[in-house]
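Each value in this text was obtained by applying a stated rule to the coordinates, not by laboratory testing. Just so we're clear, the structure is a prediction, and the values are computed from it rather than from any experiment. Cβ: placed from backbone, ideal geometry, glycine included. Neighbour counts: every protein chain shown.
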Amino acid sequence: MTHSNDPGSIANMAGIQTAIANNDATELKALLGDQQLGTLQKDYLFDLAKLSGNTEVQDIISDAPEKP
């Protein structure tokens with residue numbers, strides 16, 4: 001899968017959402033990298049992850065750094 005690693009890109013966000021929906025923890029880690037998430041963005045992604053019930057994916061999002 002080809003995707004942009006630019007943290008602010010729409011393609012990166014779509015890839016993150018797809019990785020969460022597919023319960024693909026490895027891809028999610030790669031897409032998130034070291035980027036910092038805004039509070040609303042992180043809350044949204046965590047809510048999306050909760051729908052799957054995959055605790056590993058939820059933990060990855062919980063552990064992602066937040067923008068100051």
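Which of the aspartates and glutamates could be linked to Lys67 by a straight reach, that is with a Cα gap under 18 Å, when you skip same-chain ones fewer than 8 residues away?
Partners within reach: Asp6, Asp34, Asp43, Asp59.
Please list, ordered by chain and number, the residues whose modelled amide H lies under 5 Å from the amide H of Leu37; skip anything fewer than 5 residues away on the same chain.
The answer is Glu66, Lys67.
Within segment 11-68, which trypsin sites (Lys or Arg not before Pro) sit in a loop by DSSP and count at most 14 neighbouring Cβ atoms inside 10 Å?
Sites meeting the loop and neighbour criteria: none at all.
So what are the chain's ellipsoid semi-axes, whole angstrom, largest first, if each one is the square root of 5 times an eigenvalue of the alpha-carbon gyration tensor?
With the √(5λ) rule applied to the chain, the semi-axes are 16, 15, 10 Å.
Treat each spin label as a single point 7 Å out from the Cα along the C-beta direction, and report the Met13 to Tyr44 distance in nm.
0.4
Give, in nm to one decimal, the length gained when the segment between Gln36 and Ser62 is fully stretched (0.36 nm per residue of separation minus the Cα-Cα distance).
8.2 nm
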